[in-house]
Amino acid sequence: MEFLLCQFLCFGLYGYGVRTMGNLTKGLCKDLITALLGLLILTLAAWLGLPSLGWVLVSALFLAYTFFYDQELFAFQWRNTILPGLALAGYAATSNAGTAVQIVSNGFAVSSASISSSSVRIRANTNGDRYFYLAFK
């Protein structure tokens, strides 16, 4: 739930950036349909477990929005429209994936580390059979 709320906040900021970047034609109906469609895409992608695909589709949605409704040349606007969405897609892909690593540093071995969107947990073996855990939220 927190991850989805964070995605909605990022969507709002991304939409605000696209909206203020160029010279878009005004229209409440266009903006409302684009916003609802983008939020629906993000919700379905999170429900399916593919948030990075959702951000790629939202980037394509904003790209089409810029293409059809921006009064400035599309050749100058498309990079600024698509790059934040692809960066968010990369972030969504890495923040959901759990990773495990083996690191030996300063005399103790980190036996496992897991990273998720809400916490970081580290288990380390300090002296034979003694372990400690670190958890960050």
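Specify the residue that is farthest from THR94 (Cα to Cα); the eligible residues are those in region 48-74 that are surrounded by 18 or more Cβ atoms within 10 Å (Cβ to Cβ) and of a type in the set (S, T, N, Q).
THR66
Among residues belonging to region 75-89 that are under 29 Å from LEU50 (Cβ atoms) and among the hydrophobic types (A, V, I, L, M, F, W, C), point out the one that is surrounded by the most Cβ atoms within 10 Å (Cβ to Cβ). Give the derivation first.
Taking region 75-89 first, the residues under 29 Å from LEU50 (Cβ atoms) are 77-89.
Now drop any that are not among the hydrophobic types (A, V, I, L, M, F, W, C), which leaves 78, 82-83, 86-89.
Working: TRP78: 14, ILE82: 17, LEU83: 11, LEU86: 13, ALA87: 14, LEU88: 23, ALA89: 20.
My answer is LEU88.
State which residue is farthest from GLY90 (Cα to Cα) when the search covers only region 25-45 and only residues that are in contact (Cβ under 8 Å) with a residue 24 or more places away in the chain, buried (at least 19 other Cβ atoms within 10 Å of the Cβ) and not polar (S, T, N, Q).
Only one residue tops the list, namely GLY38.
If we scan region 15-32, do we find a residue that is part of a helix (DSSP H, G or I) and among the acidic types (Asp, Glu)?
Quick first cut of region 15-32, residues part of a helix (DSSP H, G or I) only: 15-21, 28-32.
Applying the additional criterion that residues be among the acidic types (Asp, Glu) yields 31.
Yes: one or more hits.
For region 1-23, how many residues are more than 13 Å from the chain's Cα centre (by Cα) and under 16 Å from ILE82 (Cα atoms)?
Of the residues in region 1-23, the ones more than 13 Å from the chain's Cα centre (by Cα) are 1, 15-23.
If we keep only those that are under 16 Å from ILE82 (Cα atoms) too, we end up with 15-22.
Residues that pass the stated criteria total 8.
Where a number appears in this text, it was derived from the coordinates with a stated rule and is not lab data. For clarity, every value in this text was computed on a predicted model and none was experimentally measured. Neighbour counts are summed over all protein chains in view; Cβ atoms, including those assigned to glycine, are modelled from backbone coordinates with ideal geometry.
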